[in-house]
Structure formats: structure tokens, C-alpha cells
Amino acid sequence: MKKPILRLFSLTLLSLTLAATTVSCSSDDSTPKVEEPTSDFKVDRNNLTGEIKDGHVTLTDGTYKLTGKLIVGPGAKLTIKAGVKIEATALGSGQFDAVRYIAVSQGAQIFVEGTSSNPVIMTAATQKAGSWGGLVICGKAPINKGATATAEVSELTYGGSDANDNSGSIKYLRIEYSGYSYNADKEFNGLSMFGVGKGTTIDYVQVHEGSDDGFEWFGGTVDAKHLIVTNFAAEVGDDLFDWTEGWNGLGENWYGKRTNGGNRGIEADNNSNNEAATPISNPTIKNLTLIGNNGGSENHGIKLRVGTKGSFDNVVLSNWGTGFDVQAAPDLSAGYVISKELKATNVKFDNVKTQANAAATGIFTENANATGAGNGTATPTWAAGWTVGL
């Protein structure tokens, strides 16, 4: 008799255990927990610097002081949650080796998880253009500078053969006061993309009061949507948008505005040392508004140097000396004249002195109802809540 009772007790205990487990799982499902691999990197809110060599590091909330370069190494991941602020501390005199910037290596990933009401902010304690380096991403997508190359800032390797390479996802990010310059040939931008692949997401990013360029593509295939550049200080800016080294991607819903200083809205080329290098720069740009200040040394809405191709549609150009400035190939007998390789449709000119230079004749068609980034020269509705300066 004891044996059956013991068996019955064991079965009852097992049933209770399974029931408790079921309740526990049901509770966990309502508030799921994400298991993340650990990393040897130690996060210090007041001293964020160094290299994340392994695992997954998450910056959860509040402010982090960027005191040097932060490198996400191959195979590692960095996640930045909504509302996080990363503030680059001030540089002392002669601290060129200690410039503050964030760089993502080949094989690494960054995940910026801002929202329209709570963006991630990368800024500087010194609120002046060029106070820190900005964000650099290096991927494995094709470039035309060689099979691979070394980035002019960060000195990381970029380029390769993986057009769909995935460096992560960036959404609702604001980059302020970036563009630190070592010299004329070694300058940071707001967001620098070196050989970044199409598997990467770049969406809803603003560069505000930066030096040199807002966004620059060095080859790669990444698409980039809902981008904003705002420059108002007299000392800031080169180009709002820039590409080179064979970028082939989609740019959609771009809004750039400057009221002081700087040069062009877009400045682009294929390869400054070899105009015919392949892959040829040939992006597709849709829904574009560029607002200038009718000043600067090269007051061009869109400056396209020899070698680059491109397709533009729904464009608004306002307050520029020249709308399209296109550079023809120096050797016309070679049959590679840039104006034959470009197309711009549905273009609206607003207070533009000269629509196009001679080499750009015939590449565009006009449309007085073009909306550009959404609202013509007015702030696009998709910029509300997460941007500044508009």
C-alpha cells in the first residue's frame, strides 16, 4: 500500500511543478527579457572610451561622457537605447590623439534605438562646430578605391565584396557639433559611412551645426532615408551631403538648410584620382530639399564632379547661386561626359540665380509643384519632435 501512495505523491508533486512552470512562463511572456551576451568592456558613465572587443554592450539611459575614442571591434555590438545622450568632453590643447569619436569596425554592429519623441543625441560639451569627431561606420560593401582601404578618420579598414553587409540599425539619432579636423585631408563629418552595406538601416538622422560635411558616403550600397542637415553658424560647414568612391544606394527624403557659411548642398564625385574607377558612383535620390544662403565660395545647390552618375527626382533648390553645377570629363574624346549620365526630374527652382552651368544643360526637367522632402522649403512633417533648429 505504501508503494502506490508514494507513486501517487510523486505524480502529484510533478503535476504541481509543471503547473508552476507554466504559470512562470506565462508571466515571463508578458514582460519578455532579452538575453544579451556579456562583454569584457566596462561602461563608465563619466569615462566612456576604449574598444568593445567582444559581446554586446548596451547604453541604457541618461548621459555618458565620451572622453576619447570609442571603437566597436569586429564581432562586437553596441546598442544605444532611446533618450540616451552621449556628450563628448572638451579637448585640451594638443590632444590630437585623444579626439573624441565613435567608430564601428568591419564585422561590428551598432543599434541606435531612438524614437520620434525620444531620440538618441550625440553632442559635445563645447557647443561649437568641430568640437568632436562624430560617428564613423566601416563596412564590407564594394568601393572603387581598391578591394579594401583605410578610412581617413579612425584608420579602420573598409570595403569588400559583400553588398548586403549589415552594420546594424540607426533610427532617430541627432549628431551635434561634430566634424573635428586634423588637417585639410583628414576631417570627420557628422556621419561618415565607409563601404557600408545595404543590410544596414539608416533612417531619421540629423546632423546639426557640424563642420565639414553633414553626411558622407565612401562607396558602399547602404540606403539612407529621412536625413536632415542644419547649419546656421558662420564658421560651419562644407557640404550638406557628399559621396565618393562608388556609392550605389538610395537616398530618400533629405532636407538640408544653411543660413550662414559653408558651400554646397550636395558635392559628389566618383573617385578623385580615377574618374572611371568602378563601381561608379550612381545613387538614386528622391524627395530632396536643399536651402542655401546665396553665399559661400562655391554656392551650388548640387555640385557633381566628373565621374559620378546619379538619378534625382522631386527636387526643390532654394537660395543658391547655381542650381546644378556639373563638371564634364576633361577628355571629351573618351566619350565619358558626365552630363550624359545624369537625370533630374521634377525640379523646382526658388530664388536660384542660374539654374545650371553649361555642362548640366538638358539633364533636368522642371515642375513648379515639386514638394522635395515633403513641404517644399518648409520643415517636413516627418521632422517633428526629434530635431532641433527647424
Using the structure shown, decide if residue 125 is open to solvent by 30 Å² or more (accessible area, probe 1.4 Å), touching a strand residue (DSSP E or B) at 6+ places or on another chain (Cβ under 6 Å), at pLDDT 95 or above and more than 23 Å from residue 188 (Cβ to Cβ). no
Condition set closer than 17 Å to residue 390 by Cβ and either open to solvent by less than 10 Å² (accessible area, probe 1.4 Å) or acidic (Asp, Glu) (or both), scope the range 253-276, selection modelled with the lowest pLDDT: answer is 258
Unique match (being within 20 Å of residue 260 (Cα to Cα), touching a strand residue (DSSP E or B) at 6+ places or on another chain (Cβ under 9 Å) and of a type outside the set (Val, Ile, Thr)) among 211, 192: 211
I need the full set of residues from the range 128-159 which are surrounded by fewer than 18 Cβ atoms within 10 Å (Cβ to Cβ) and hydrophobic (A, V, I, L, M, F, W, C), in order please. 147
Top-ranked residue of the range 84-120 - restricted to ones that are at pLDDT 95 or above, outside any loop (DSSP other than H, G, I, E, B) and open to solvent by 30 Å² or more (accessible area, probe 1.4 Å), ranked as nearest to residue 193 (Cα to Cα): 109
For the range 342-370, what are the residues that are part of a strand (DSSP E or B) and at positive phi? 346
Among the residues of the range 278-312, what is the count of those that are farther than 22 Å from residue 371 by Cβ, open to solvent by less than 20 Å² (accessible area, probe 1.4 Å) and in contact with a strand residue (DSSP E or B) (Cβ under 7 Å, 6 or more places away or on another chain)? 3
Could you please tell me which pairs satisfy a Cβ distance under 7 Å, a separation of 6+ or placement on different chains, a first residue in the range 40-55 that is of a type in the set (Asp, Glu), and a second residue that is assigned to a strand (DSSP E or B)? 51/71
Considering only the range 216-250, state which residues are of a type in the set (Phe, Trp, Tyr) and at pLDDT below 95. 232
Tell me which residues, restricted to the range 59-80, are out of contact with any Ser or Thr (no Cβ under 6 Å at 6 or more places or on another chain) and part of a loop (DSSP other than H, G, I, E, B). 60, 61, 62, 75, 76
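The values are calculated or read from the model by the stated rules, or taken from the named source; none is laboratory data. As the structure is a prediction and not an experimental result, all values here were calculated from the model. Reconstructed Cβ throughout: ideal geometry from the backbone, glycine too, with neighbour counts over all protein chains shown. With ligands, DNA and RNA removed, areas are computed over all heavy atoms of the protein, side chains included. Shrake-Rupley method; radii C 1.70, N 1.55, O 1.52, S 1.80 Å.
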